[in-house]
1. Which ones in the stretch 90-116 are touching a residue at least 24 places away in the same chain (Cβ under 8 Å), under 17 Å from GLY64 (Cβ atoms) and small (Gly, Ala, Ser)?
2. Of all residues in the stretch 49-76 being in a loop (DSSP other than H, G, I, E, B) and among the small types (Gly, Ala, Ser), which is nearest to ILE290 (Cα to Cα)?
3. Within the stretch 246-265, take every residue that is touching an Asp or Glu at 6+ places or on another chain (Cβ under 9 Å) and assigned to a loop (DSSP other than H, G, I, E, B) and give me the one that is surrounded by the fewest Cβ atoms within 10 Å (Cβ to Cβ).
4. Is it the case that some residue within the stretch 229-248 is among the hydrophobic types (A, V, I, L, M, F, W, C), at pLDDT 95 or above, touching a Phe, Trp or Tyr at 6+ places or on another chain (Cβ under 6 Å) and farther than 30 Å from PRO209 by Cα?
5. Need the failing condition index for GLN73 against (1) free of Cβ contacts under 8 Å to residues at least 40 places away in the same chain; (2) crowded, with 24+ Cβ neighbours inside 10 Å; (3) closer than 25 Å to THR225 by Cβ, just the number.
6. Looking only at residues that are within 18 Å of the chain's Cα centre (by Cα) and part of a loop (DSSP other than H, G, I, E, B) in the stretch 77-117, which one is surrounded by the fewest Cβ atoms within 10 Å (Cβ to Cβ)?
7. Looking at the stretch 215-245, which of the residues that are free of Cβ contacts under 8 Å to residues at least 40 places away in the same chain and in a strand (DSSP E or B) is surrounded by the most Cβ atoms within 10 Å (Cβ to Cβ)?
8. Kindly indicate the residue of the stretch 197-242 that is in contact with a helix residue (DSSP H, G or I) (Cβ under 8 Å, 6 or more places away or on another chain) and among the charged types (D, E, K, R) and also farthest from ALA292 (Cα to Cα) among those meeting that condition.
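The values are calculated or read from the model by the stated rules, or taken from the named source; none is laboratory data. Since the structure is predicted, the reported quantities are computational estimates derived from the model, not experimental observations. As a convention, Cβ positions derive from the backbone with ideal geometry for all residues, glycine included, and neighbour counts pool all protein chains shown.
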Amino acid sequence: MEKIIFDTDIGSDIDDSLCLAYLLKQPACQLLGITTVSGEPAKRAMLASALCKAANKDIPIYPGIERPLLAPQRQPAAQQASALSKWKFEKDFEMNNAIDFMRSTIHKYPGEVTLLAVGPMTNVALLFSIEPEIPSLLKRLVVMCGAFTDSPTNYGPREWNAICDPHAAAIMYNAAVPECKSVGLDVTCQITINRSDFLHSFTSEIMKPVLDFAQVWFQEQEKITFHDPLAAAVIFNDKICGFEKGNISVNTDDGGMCGQTRWEPCVDGRHEAALSVDITAFFEEYMKFINA
């Protein structure tokens with residue numbers, strides 16, 4: 001059983017909801033709690049709550065940090081909260097306690113917790129900065145962040161989570177974590193589904209609110225890319241992606257390349273980056289649980 005804290009910016013891209021749905025349905029996942037990050041974190045917590053209620057799961061949820069450490073706010077709103085009206089969800093949350101929740105939970109289970117972070121790394125960076133011992137107490141850190149190959153992406157050589165808070169991403173990658181796996185945009189962009197196939201492929205109860213949230217996403221997009229679900233899936237099946245060891249750093253200089261990740265292969269490197277993906281294996285893993 002994998003003990004997981006899920007740190008998410010659910011409510012912008014639909015892939016966060018797809019990721020949470022998978023975690024709630026994955027029988028090997030013990031979801032210890034959910035923390036939200038980026039603009040309107042309380043609304044993001046409401047979206048997470050709606051999915052937890054659809055799954056009949058009582059999971060602690062804590063709204064986290066709203067603004068980047070130093071960079072301008074690029075993600076001020078949780079647009080998909082506009083689709084909450086027909087769903088049951090909690091409205092009142094403990095505010096300003098996300099970092100303390102993460103800290104106390106990791107202390108409670110030293111060496112056992114996987115921190116899965118799939119939004120801007122603001123919560124993670126503050127957690128690691130407030131108590132520098134915390135990274136060493138994790139089992140592993142798994143992030144959807146960065147880009148590490150020459151494969152095309154929708155942001156050129158950069159990735160959204162790192163762009164949104166490059167200074168936080170830099171702090172996260174500098175931390176002394178026992179194991180750090182990064183699933184980057186160049187790999188996740190290979191796993192997509194078009195609108196029509198998506199709307200007809202999912203039948204479980206937990207996917208009903210996700211399908212509603214997706215209608216907001218589809219107002220501006222014609223496909224879904226499984227960025228965050230891929231990061232979650234490799235926790236339970238690390239053969240889905242081909243990982244290589246190396247060192248990752250983040251450009252925090254002002255200018256057009258702020259937030260760009262740099263990848264240097266090294267057999268003794270501190271990080272593992274996904275450089276390839278088995279698309280069929282991913283969908284087999286994901287669909288096996290999501291429609292059960």
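1. ALA98
2. Step by step, filter the stretch 49-76, then rank; the result is ALA55.
3. GLN260
4. yes
5. (2)
6. Result: ALA77.
7. It comes out as GLU244.
8. GLU222
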